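Below: the structure, in structure tokens.
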Amino acid sequence: LGSDADFAEAARACRRHDVNLSAFISCLMLSEPTASRYGLDPSDRSRPTGQGWTYHAEMVPTFNPPSAAAPATDEGDNGNPDWQRDVLATLDDLMRSGITSFVWDVFRSRREEPNLLTLAAEIRTRARRRDPDSVFAGESTQNLEIESGILDYTWDWRGYRDYRPFLAAFPAPRLNINIDRSAALVRRGFADNLYLNVMPRRPGGINGSGRIADHPDLARALARCAALRRRFLPFFTEGTMVGDSLLTETPGDQHLTAYALPDRLLAIRMALRDGADDPLEGDIAPWLPSPTNRYDVTAMDESGSILSRRVTDRVWREPAGPGETELRLYEFRPA
């Protein structure tokens, strides 16, 4: 994989291409000789020890990562001062090489001090001295509400679920979903402001073994959603997530997520199955006041092209949609 110097140059090359390289780090599982350094005895059978894992069931021979030599592994105490000091020193080395963003494998915090949150806060402080735009993400497994003050986004093993209530209540983290090749999930995840972890695989292959370009529908949906996000970024970063609360009728097989800014509102609509073309009805006024109780509505397709402009009163009625899973967007402004 190259020397430390090669790694640092690769990170600089990524930055020159406006790609932020985040180091995925795993510090949880300890085996000898590291375990005893922090007061653990992996050979002590009175303690539950990790059984390790394999990268992929079809590897010949199957084997564990070197850090997980089952069964002689144990989960370290992330409040151990010696462990925290050594982790911080290691990440300081990475920061000096130009890596200032990190994704923490199994970010499992606890309430007792000192804890992982204390360490993460110090890592963030040091990283932002070098790069104000650095990010800190993690696989949050049990204390997301507490960890929301530290994590910018998550990297969890999860598919799509409706996380809009959480995202409406918490400014961070931005929750992720994992996508193999589904263009529909790209669209729905984009609409809900989720972090899209796209990892196509070859048939029978491991995560990430395929190329996005090999799935034209996936690639097209990603490109379109990326362009829409750039175009409407303030709604996602500064707006209030309204979700489908502006609707006064159950949307049936329609998914609608709206975002409100003080002077405009954006609603993103998607049919959940081909042929689902239920009409929509909503009340705009609670989310976007208008002195005239009238609104200019601009309807757009997934490519951002304008389909229509019209004026509506506070009760917005949208006729049946196209009956396909591509997106429709509606931007509202007081008339």
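The values are calculated or read from the model by the stated rules, or taken from the named source; none is laboratory data. Since the structure is predicted, the reported quantities are computational estimates derived from the model, not experimental observations. All Cβ positions, even for glycine, are placed from backbone atoms using ideal geometry, and neighbour counts span all protein chains on display. Note: areas computed on protein heavy atoms with side chains; ligands, DNA, RNA excluded. Shrake-Rupley method; radii C 1.70, N 1.55, O 1.52, S 1.80 Å.
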- Matching residues in the stretch 266-312 - criterion: being without any contact (Cβ under 8 Å) to a residue 40 or more places away in the chain and outside any strand (DSSP E or B): 285, 293, 305
- Of the conditions (1) open to solvent by less than 10 Å² (accessible area, probe 1.4 Å); (2) at pLDDT 90 or above; (3) in contact with a strand residue (DSSP E or B) (Cβ under 7 Å, 6 or more places away or on another chain), residue 150 fails just one. Which one is it? (1)
- Message: So, residue 261, is that one surrounded by fewer than 20 Cβ atoms within 10 Å (Cβ to Cβ), at pLDDT 95 or above and out of contact with any Cys (no Cβ under 8 Å at 6 or more places or on another chain) or not?
- Response: yes
- Task: Say whether the condition of being over 30 Å from residue 16 (Cβ atoms) and open to solvent by 30 Å² or more (accessible area, probe 1.4 Å) is met by at least one residue in the stretch 123-141.
- Result: yes
- Of all residues in the stretch 207-216, count the ones that are surrounded by 13 or more Cβ atoms within 10 Å (Cβ to Cβ) and either of a type in the set (Val, Ile, Thr) or closer than 28 Å to residue 268 by Cα (or both). 2
- Message: Can you pull out every residue in the stretch 116-139 that is closer than 13 Å to residue 87 by Cβ and of a type outside the set (A, V, I, L, M, F, W, C)?
- Response: 118, 122, 126
- Message: I need the full set of residues from the stretch 237-250 which are crowded, with 16+ Cβ neighbours inside 10 Å and over 18 Å from residue 314 (Cα atoms), in order please.
- Response: 239, 241
- Output the residues belonging to the stretch 181-206 that are free of Cβ contacts under 8 Å to residues at least 24 places away in the same chain, open to solvent by 20 Å² or more (accessible area, probe 1.4 Å) and out of contact with any Gly (no Cβ under 8 Å at 6 or more places or on another chain). 203
- In the list 318, 326, 238, 249, which residue meets the criterion of being within 17 Å of residue 184 (Cβ to Cβ) and acidic (Asp, Glu)? 326
- Task: Tally the residues that are assigned to a helix (DSSP H, G or I) and without any contact (Cβ under 8 Å) to a residue 60 or more places away in the chain, restricting the search to the stretch 73-106.
- Result: 13
- Message: Pairs needed: first member in the stretch 27-56, within 17 Å of residue 105 (Cβ to Cβ) and of a type in the set (Phe, Trp, Tyr); second member anywhere, open to solvent by 70 Å² or more (accessible area, probe 1.4 Å) and modelled with pLDDT under 75; C-beta distance under 9 Å; at least 6 residues apart or different chains.
- Response: 55/62; 55/63
- Query: Can you tell me which residues in the stretch 233-255 are within 24 Å of residue 278 (Cβ to Cβ), touching a residue at least 40 places away in the same chain (Cβ under 8 Å) and part of a strand (DSSP E or B)?
  - Reply: 241, 242, 243, 254, 255
- Quickly run through the stretch 184-205 and pick out the residues that are over 16 Å from residue 217 (Cα atoms) and among the small types (Gly, Ala, Ser). 191, 204, 205
- Residue satisfying condition, being open to solvent by less than 50 Å² (accessible area, probe 1.4 Å), polar (S, T, N, Q) and either closer than 24 Å to residue 7 by Cα or in contact with a Phe, Trp or Tyr (Cβ under 7 Å, 6 or more places away or on another chain) (or both), within set 100, 90: 100
- Note on the structure: The residue that is farthest from residue 326 (Cα to Cα), considering only those in the stretch 279-308 that are open to solvent by 70 Å² or more (accessible area, probe 1.4 Å) and of a type in the set (Val, Ile, Thr), is 292
